[in-house]
Amino acid sequence: MLNLSPAEWTAIELSLRIAIVATACALPFGIAVGWLLARKNFWGKTALDGLVHLPLVLPPVVTGYLLLISFGRKGPIGAFLDEYFGIVFSFRWTGAALASAVMGFPLMVRPIRLALEAIDRRLEDAAATLGANHLLVFLTITLPLALPGTIAGVVLCFARALGEFGATITFVSNIPGETQTISAAIYTFIQVPGGDAAAAGLVLIAIVLALAALIASEWLARRAAIRFHGE
Amino acid sequence: MSVLSVNVEKQLGALDLSVRFEAARGATALFGSSGAGKTSVVNMIAGLLTPDRGSIALDDTVLFDAAAGINVPPYQRRIGYVFQEGRLFPHLSVRQNLDYGRRMSRRAPDASAFARVVALLEIGPLLDRRPRMLSGGERQRVAVGRALLMRPRLLLLDEPLASLGVVHKREILPYLVRLRDDAGVPMVYVSHTAAELRRIATNVVRLDAGRVTAAGGVELLDEADGDALG
C-alpha cells in the first residue's frame, strides 16, 4: 500500500520515539506545575505561569534558539548536564525530545490544572479523616479524580510533540536518522522540485497518527468517565 | 466520665466562636440554629479547622493544645466523620469506599468487622455500585459505614440527615440509634432539628451565636421547641 523508503520509516520511528519520550518526561513536571498553579499561592506564581505558557506565544524559532543557547554543549545548562550526567542534547534525538516537551508543556499543564481546580476539596478532607496523609490523599483521591484532565493533557502534549517543527529544527537541526522527524522529512522533500510525491506518504502517515491520538484520547476519556460515573 | 473535652476559641468572620463543653459516652447532641458554629466546632474536633486558642482532648489523648503547640493532624486522630453531603469518593465503588480507612491505616482486612457493619446498615446489595448510583439515604448509610470501619474512637455526625427527604430520614434514624446502642462508639451529633435529636441524643449541648448557652439532658430539646428551631 504505502511504499515508504527505509529513511522514511526511520523518520516515523524517530518521531514516535521523540513524542513518547517527550510526553513521558514532561508528565511528572506537568502534574507538579499544574498542582502548584492550581493549589498554591507563592511569590513568583505569575512568573511561573508566564514562563510555562511562553512557548505557546513565542515564535518556535525563538524557543529553539533559547534552547540552543542554554542547553547546547556550550550553554550553561547543557555544559553542566554534559559534564556531570553525560547528557547531551545538541544535535541528538534527545534534544528533539526536549524541544518537543517544552513546546507541548503548556498544552499539558492547562487541562491538568483545570482538572485539579475542579476537584471538590472536601473529598480530600474526608480522606484525611479516614487516615490518609497528604501523600496518600494525593495518590488515592486527587490524582485519580484529575485523571480525565491528565489524559487530555497527555494527548495534547503528545500530538504537539509529534508535529513539532520550528523549535526542533532550530535547536537540533535536521539530521537524517538522528533528528529528522516526519515534519522535518516532509520539509526536506518539498524543498526539492518534484518532491511532493515523495512527501505524500509521510503526509498521510502524519494525518493517521494525529487521528489515532485523537481517537485514543476520546476512548480513554470515555473509559475514565465510566469509571467515575458508573454508566 | 467525660470522653471528649472541648475548649476552643476562633474568630470566624463576624462570628466570635468560644465553645467549651464535655461529652460523655453515648450520643451528645450539638444543637442550635444554623450559623451558630456547630459545623466549625465539629471540624475543629476532626482537625480540619485549627482553633485560635484552647484545647481538645479525647479520652487521655490531647488532640490540640494551642499553648503547648500540639495539633495532631486529622489523619492521625482516628475520629470518624459523617458529613452532611456524604462525601463518598466518586471514583471508588461502595466496597472500596468502605475499605478506604482500613487501607490507609494499613490494617489487615477484617472480614467479620466488614460483614457486621454491612449487616448493621443493610448495605450488602450496594457493595459493587458507584456512589452515583445510590439514593440519598443509601449514600448516607454507606458514609456511616465508612466512618465506622475505620474503627473510630469518636464518631462525628454533621447533620447526616439534612440532605434527605422525610422518607429517607425515617429510613436512617433507626440505624443511627442501633449504632449508638450496639457499636459503643461515642458520638457527637450535630443538628438543628429537635425532633431528630430526641430520637438519638443522650445529652445535649446547646449552641447560640458561637457560645454554649446550655448543657444537660434531652429535656433541653423541649425548651427549644418554642424557639422555632425544630
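With Cα atoms defining each centre, the stretch A:163-231 and the stretch B:114-139 are spaced 48 Å apart in the structure. Taking the inverse of the mean reciprocal distance over all distinct Cα pairs, the Kirkwood hydrodynamic radius of the stretch B:73-167 comes to 13.4 Å. In order along the stretch A:108-125, phi translates into HN-Hα couplings of 7, 5, 4, x, 5, 4, 4, 5, 5, 5, 7, 6, 6, 5, 5, 5, 5, 4 Hz, rounded to whole numbers, per the Karplus curve 6.51 cos²θ - 1.76 cosθ + 1.60 with θ = phi - 60° and x for Gly and Pro.
Relative to the longest principal axis of chain A, what angle (0 to 90°, nearest 10) does the C-alpha long axis of helix A:60-71 take? Tilt of helix A:60-71: around 80 degrees. Gyration tensor analysis over the Cα atoms of the stretch A:78-197 returns equivalent ellipsoid semi-axes of 41, 19, 9 Å (largest first, whole Å). The angle separating the long axis of helix A:45-57 from the principal Cα axis of greatest extent in chain A is about 30 degrees.
For the segment B:128-134, counting C-beta atoms of other chains within 10 Å of every residue's C-beta and taking the mean gives 3.
Tell me, how many Å apart are the Cα centres for the stretch A:11-47 and for the stretch B:161-212? Their Cα centres are 48 Å away from one another. The 3J(HN,Hα) values that the Karplus relation (6.51, -1.76, 1.60; θ = phi - 60°) gives for the stretch A:133-140 are, in residue order, 6, 4, 5, 5, 4, 5, 6, 9 Hz. Gly and Pro appear as x. Projecting label points 7 angstrom from Cα along Cα→Cβ for A:LEU58 and B:SER135 puts them 6.0 nm apart.
May I ask you to list the aspartates and glutamates whose Cα is less than 17 Å away from that of B:LYS169, ignoring any residue fewer than eight positions away on the same chain? By straight Cα distance, B:LYS169 reaches B:GLU85, B:GLU122, B:GLU138, B:ASP158, B:GLU159, B:GLU196. Relative to its residue count, chain A spans a Cα convex hull of 150 Å³ per residue.
Computed extension gain for B:GLU9 through B:ARG199, at 0.36 nm per residue and net of the alpha carbon distance, reaches 65.4 nm.
The ellipsoid that matches the Cα gyration tensor of the stretch B:2-212 has semi-axes, each √(5λ) in whole angstrom, of 28, 20, 15, with the longest given first.
Per residue of peptide B:73-82, the mean number of Cβ atoms on other chains within 10 Å of the residue Cβ is 4. Database remark: amide H of A:ILE87 closer than 5 angstrom to the amide H of A:ASP82 (H placed geometrically; neighbours at sequence offset of 5 or more, or on other chains; Pro and chain starts carry no H). When only the Cβ of Lys, Arg, Asp and Glu is charged (+1, +1, -1, -1), the dipole of the protein assembly as shown relative to its Cα centre reaches about 600 debye. The coefficient of translational diffusion for the protein assembly as shown, derived via Stokes-Einstein from the alpha carbon Kirkwood radius under 4 °C and 1.567 mPa s, stands at 50 µm²/s. Relative to the longest principal axis of the Cα atoms of chain A, the long axis of helix A:76-85 makes an angle of roughly 80 degrees. By the beta-carbon count within 10 Å of each Cβ, the least crowded to most crowded order of A:ILE31, A:ILE207, B:ILE79, fewest first, is A:ILE207, A:ILE31, B:ILE79. Averaged over peptide B:137-149, the number of partner chain Cβ atoms lying within 10 Å of each residue's Cβ comes to 1.
Every number in this text was worked out from the coordinates using simple rules, so none of it is lab data. These numbers come from a predicted model, not from an experiment. A quick note on method: Cβ atoms are made from the backbone with ideal geometry, for glycine too, and the neighbour counts reach across all protein chains shown.
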